[in-house]
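Shown next, in structure tokens, is the structure this report addresses.
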Amino acid sequence: MELLILLASREGQLVTRSEIADRLWASEVFVDTEHGINTAIRKLRYLLRDDPDNPRFIQTVIGMGYRFVAPITTVQQQSSEVSASVDPPQQEAAIAAQAAAGATLPIRNPRYRGWIGLTVLVVLLVTIVTVTLNAHTLGDRLLHRNPQPTITSLAVIPLENLSGDPNQEYFADGMTDELITMLAKDSNLHITSRTSVMQYKGAHQPLPEIARTLHVSAILEGSVSRSTNRVHMTLQLIRADTDTHLWAESYDRDANDVALLPDDAARAIAHKLNSSAASSTAARYVNPEAHDAYLHGIYYWYAGQNESAGKYFKIATSLQPDYAQGWAGLSAYYSLGGDTTMDPEEALPKAEESAAKAIELDPSLADAHLSMGAVILFRRWDFSRADQEVVRAIELDPQSSQAYHFHAMILAVMNRQAEAIEAQKKATALNPYIRPWALPRAFLWARQYDAALQDALPRLDATPNIDYLNFTVSRVYYSKKMDKEAAKFLEKSLLLSNDSKSAAGIKRACQQGGYRGLVSWQLHQLQIKSKSQFVSPFDQAILYAQLEDRERTVAFLEQSFRKHSPELVFLQCDPEFDFLHSDPRFRSLAQRIGPPPAS
């Protein structure tokens with residue numbers, strides 16, 4: 001209210017952020033004024049239904065402040081006045097009533113001018129609120145009822161980096177990720193995953209709108225800034241349905257305590273919402289330099305830069321050898337590398353050692369069990385034991401979409417396709433934004449091609465530029481013997497996943513050879529790549545399978561077995577190999593990998 005009065009009273013003139021801070025907060029009050037001003041402006045815009053990109057009321061002057069740009073009419077004195085016989089309180093009530101009715105206000109005494117202006121603004125804001133909120137909700141508030149449901153779900157909006165240094169974005173993102181992790185661990189709330197909320201990094205949408213999209217009942221927002229030896233973090237918990245503050249706190253910590261900050265905040269929020277977890281392990285000391293290296297690693301991991309992520313995970317574990325989370329990250333680095341750019345015979349043993357170290361240090365760490373499950377699946381081909389580790393990760397973190405996704409993969413390689421589809425549905429429900437190709441692929445592996453397309457094509461309409469989703473659709477059409485459609489989506493996938501220099505070759509291959517031409521182009525690129533770095537023989541086997549080159553396919557599959565290629569666990573899942581199912585060599589290979597060949 002104070003901010004609205006200040007802006008309107010300046011009649012279109014710039015109001016600086018420092019003027020706003022001086023007006024709203026006394027000098028002796030400690031508060032994060034930058035974040036407080038942003039919140040106040042956001043709430044006003046929400047009530048006024050004002051678009052910050054096309055403002056009708058409040059215009060942002062970047063780096064300076066705000067202007068109230070709506071037309072302002074100065075009320076002029078009329079000849080007809082309120083009767084002098086009416087006492088001042090009655091006169092004031094009459095003025096307020098006229099204002100509510102939209103009448104022009106008579107002003108008979110200058111000393112009432114300031115009061116009348118305030119009354120007009122009060123009536124204006126009350127009218128806006130009355131229209132905005134439904135009558136039932138407003139009545140409940142006036143009668144002091146409490147119809148609000150319990151907070152059961154929460155999304156952490158990416159923390160704003162107020163360090164003034166864009167190189168500190170990794171730190172803000174890392175603290176966001178750790179807040180999400182600790183809230184999932186320390187509370188019984190449903191916590192929206194990191195991938196779902198990161199799309200709102202830097203966004204300026206109203207929080208109730210974000211909450212509706214994410215299907216949560218509360219939002220946690222805030223900011224973080226870091227100087228040489230200090231970290232300042234401000235958090236605000238906001239109820240989504242009413243856009244009201246439930247809790248706020250500012251934290252100032254030195255570098256040695258930063259790693260414990262997300263856990264402290266998560267416990268405070270869980271206590272505020274009466275949703276503390278029944279059991280929670282005590283936070284462990286983390287070397288600040290090791291913690292910073294880990295945050296760097298996570299930042300690069302989510303950015304898809306596995307080599308850079310691995311470098312920082314190695315630094316984290318070398319600085320603090322008993323840092324469980326660092327070892328779990330290192331295991332993930334080796335596992336992904338063994339499936340892509342590294343020789344699996346070298347990478348997977350290191351992945352298993354790192355996961356075992358993480359579990360030894362912290363048996364309650366869900367990420368450690370998930371990493372171990374992945375290693376056992378891809379290195380040991382021990383599907384039952386791998387699933388035990390993944391199920392344990394789910395027990396420790398029931399909201400882990402990643403864990404349910406791995407559970408679905410293991411069920412699929414065990415030829416339990418119906419269960420795999422249900423597990424992947426759970427993973428997708430927990431996080432609809434990550435791996436949009438996963439459920440279509442689960443249907444593909446079950447040979448339910450129409451169901452795969454029914455799920456995948458609407459997702460492509462919403463997110464057309466995801467390369468692996470286009471690739472999955474191409475595989476479905478290939479399996480349906482619809483080469484023209486398969487070529488269309490394979491071309492799109494290759495254009496999205498390769499550099500611009502390859503675009504001309506991809507288009508030419510498609511024009512000249514259709515689907516088979518694109519497959520041949522991929523094989524040629526792998527042959528070039530193999531001269532300078534490791535190339536999985538399985539990747540070559542599956543391409544030769546799409547050309548139905550039986551001998552080369554079998555030869556590369558045998559080479560994959562000798563190299564212990566991680567992807568061989570999907571041998572019976574991939575429909576590209578269906579034409580080989582009657583071949584004794586294929587059946588022998590499938591039996592060596594396990595489980596028994598599907599009928």
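The values are calculated or read from the model by the stated rules, or taken from the named source; none is laboratory data. Being a predicted model, the structure only gives us computed values, none of them experimental. Ideal geometry is used to build each Cβ from the backbone, glycine not excepted, and the neighbour counts take in all protein chains shown.
Observations, loosely collected:
- Residues (within 21 Å of ALA368 (Cβ to Cβ) and either among the small types (Gly, Ala, Ser) or assigned by TED's automatic domain parsing to the domain that holds ASP461 (or both)) located in the stretch 394-422: SER400, SER401, ALA403, ALA408
- The criterion of at least 2 residues that are over 28 Å from MET198 (Cα atoms), hydrophobic (A, V, I, L, M, F, W, C) and touching a helix residue (DSSP H, G or I) at 6+ places or on another chain (Cβ under 7 Å) is met, among helices (runs of 4 or more DSSP H) falling completely within the stretch 370-461, by 383-396, 401-413, 438-445.
- Spans of helices (runs of 4 or more DSSP H) in the stretch 285-348 with at least 1 residues without any contact (Cβ under 8 Å) to a residue 12 or more places away in the chain: 306-319
- Any hit, the stretch 455-468, residues being without any contact (Cβ under 8 Å) to a residue 12 or more places away in the chain, loosely packed, with under 15 Cβ neighbours inside 10 Å and β-branched (Val, Ile, Thr): no
- Whichever residue in the stretch 392-423 is hydrophobic (A, V, I, L, M, F, W, C) and in contact with a His (Cβ under 9 Å, 6 or more places away or on another chain) and, among such residues, is surrounded by the most Cβ atoms within 10 Å (Cβ to Cβ): ALA403
- Taking the stretch 234-251 as the range and being under 18 Å from SER153 (Cβ atoms), of a type in the set (Val, Ile, Thr) and surrounded by 17 or more Cβ atoms within 10 Å (Cβ to Cβ) as the test, only ILE238 passes.
- One residue stands out among those in the stretch 424-444 that are touching a Leu at 6+ places or on another chain (Cβ under 6 Å) and not hydroxyl-bearing (Ser, Thr, Tyr): the one that is surrounded by the most Cβ atoms within 10 Å (Cβ to Cβ), which is GLN424.
- Candidates GLU353, GLU395 - the one that is farther than 19 Å from SER565 by Cα and of a type in the set (D, E, K, R): GLU395
- Exactly one residue out of SER532, SER582 is without any contact (Cβ under 8 Å) to a residue 24 or more places away in the chain, assigned to a loop (DSSP other than H, G, I, E, B) and within 39 Å of the chain's Cα centre (by Cα): that is SER532.
- Screening SER27 with (1) at pLDDT below 85; (2) in a helix (DSSP H, G or I) gives one miss only, at (2).
- Exactly one residue out of PHE489, PHE471 is free of Cβ contacts under 8 Å to residues at least 60 places away in the same chain, outside any loop (DSSP other than H, G, I, E, B) and within 24 Å of SER193 (Cβ to Cβ), and it is PHE471.
- Qualifying positions in the stretch 200-227 - in a loop (DSSP other than H, G, I, E, B), of a type outside the set (Phe, Trp, Tyr) and at pLDDT 85 or above: LYS201, PRO206, HIS215, VAL216, SER217
- The single condition among (1) hydroxyl-bearing (Ser, Thr, Tyr); (2) more than 36 Å from the chain's Cα centre (by Cα); (3) farther than 21 Å from SER474 by Cβ that SER560 does not satisfy is (2).
- Residue, surrounded by the most Cβ atoms within 10 Å (Cβ to Cβ), within the stretch 211-233, restricted to residues that are in contact with a helix residue (DSSP H, G or I) (Cβ under 6 Å, 6 or more places away or on another chain), more than 26 Å from THR150 (Cα to Cα) and among the hydrophobic types (A, V, I, L, M, F, W, C): VAL224
- The stretch 228-259, subset within 24 Å of HIS190 (Cβ to Cβ) and assigned to a loop (DSSP other than H, G, I, E, B), residue modelled with the highest pLDDT: ALA240
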